[in-house]
1. Please specify each residue of region 23-45 satisfying the condition of being of a type in the set (F, W, Y), modelled with pLDDT of 95 or more and assigned to a loop (DSSP other than H, G, I, E, B).
2. Between F128, F153, F101, which is of a type outside the set (K, R), surrounded by fewer than 17 Cβ atoms within 10 Å (Cβ to Cβ) and under 15 Å from G41 (Cα atoms)?
3. How about region 125-211: which helices (runs of 4 or more DSSP H) wholly inside it have at least 1 residues that are modelled with pLDDT of 95 or more and closer than 22 Å to H240 by Cα?
4. Among the residues of region 100-107, is any modelled with pLDDT under 95, among the small types (G, A, S) and closer than 28 Å to W235 by Cα?
5. If I ask for residues that are farther than 15 Å from A57 by Cα and outside any helix (DSSP H, G or I), which ones from region 74-97 would you list?
6. Would you mind finding the one in A209, A181, A173, A163 that is free of Cβ contacts under 8 Å to residues at least 24 places away in the same chain and of a type outside the set (D, E)?
7. Has region 196-205 got at least one residue that is within 25 Å of Q127 (Cβ to Cβ), among the small types (G, A, S) and surrounded by fewer than 17 Cβ atoms within 10 Å (Cβ to Cβ)?
Amino acid sequence: MPGISSKATASLKRLAAIINRYEQQTSFEVIEMRVWDVHPGYLSRSSLLGQHVEIHAVYSVITGKKQGYARHPETMRWRNHLAELVRIHDLTVGEMLLRGFEHNSPLHFEPATDSVSLTYVDSPRRQFELLVEKYTQKNQQGRIPLPRINSEFWAHHHYSVLARGVEGYKLAASKLRSLPARELSDSFVTYITEILRQPVESDALNEVAERILHLIEDRVDRAEQLRKKSRGELWRSCFHMAEKYHLRTLLQSTIFADTILP
């Protein structure tokens, strides 16, 4: 494959082989399938790469009208929501790129076929509980630590929420203030998860960029140069600055996977 490294070529072959296995499968008890609704920044390395494969498998089964896993609950819930599946794929890819992985298997946008709300196999709050159980047993963790209380969850997501619009951000912040301080609310986690399904707004995203640049400009002498970069380059540079200067509030933010792709 010209232009693609041998490592990337091998990864594509492995991906194709795994997808083929899903397409041929007739009993969905054999393989556990999961596309997480929580942000991929919370996923460990193995869960992140596994999610990327499973998104491709679900997409392939649906678009190719394959029988394998066609009746699996994870496949069925995405059948009329391929646009959202592609969004989660791209978010997963953004997280992979932040962690230094290559990616050479894009998915193409497919319009949603109906307006029925996407259902959850488990609520987003329950998914955090499942990840805690899984990672405690395996001694794993993601880029972002799993949240224990509402304020931690908000700290991870507030830039991403702001990027969807100032009014929505103010409303979410108001809801947070009304919640118990030492709990992780099922309704609040679901509420934020639903907000993040919305596309980013250009003006709001610029506001987020300015806030982040303000945090790092005291430590760099080229903040103005950063402002001139393309969108993907700007966010990638900001993340690298956060790594260099150990800015935990930024390193644990969901916003970078949202924005790193062009």
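1. The one that is of a type in the set (F, W, Y), modelled with pLDDT of 95 or more and assigned to a loop (DSSP other than H, G, I, E, B): W36.
2. Residue meeting the stated conditions: F101.
3. Passing ranges, in order: 150-162.
4. Yes, there is a match, as at least one residue in region 100-107 is modelled with pLDDT under 95, among the small types (G, A, S) and closer than 28 Å to W235 by Cα.
5. Result: N80, single match.
6. None of the other options fit; the residue is A173.
7. To start, the set of residues in region 196-205 that are within 25 Å of Q127 (Cβ to Cβ) comprises 196-200.
Filter once more, keeping what is among the small types (G, A, S): none.
No - not one qualifying residue is present in region 196-205.
The values are calculated or read from the model by the stated rules, or taken from the named source; none is laboratory data. Model, not experiment: these values are computed from the prediction. Please note: Cβ atoms are built from the backbone with ideal geometry, for glycine as well, and neighbour counts cover all protein chains shown.
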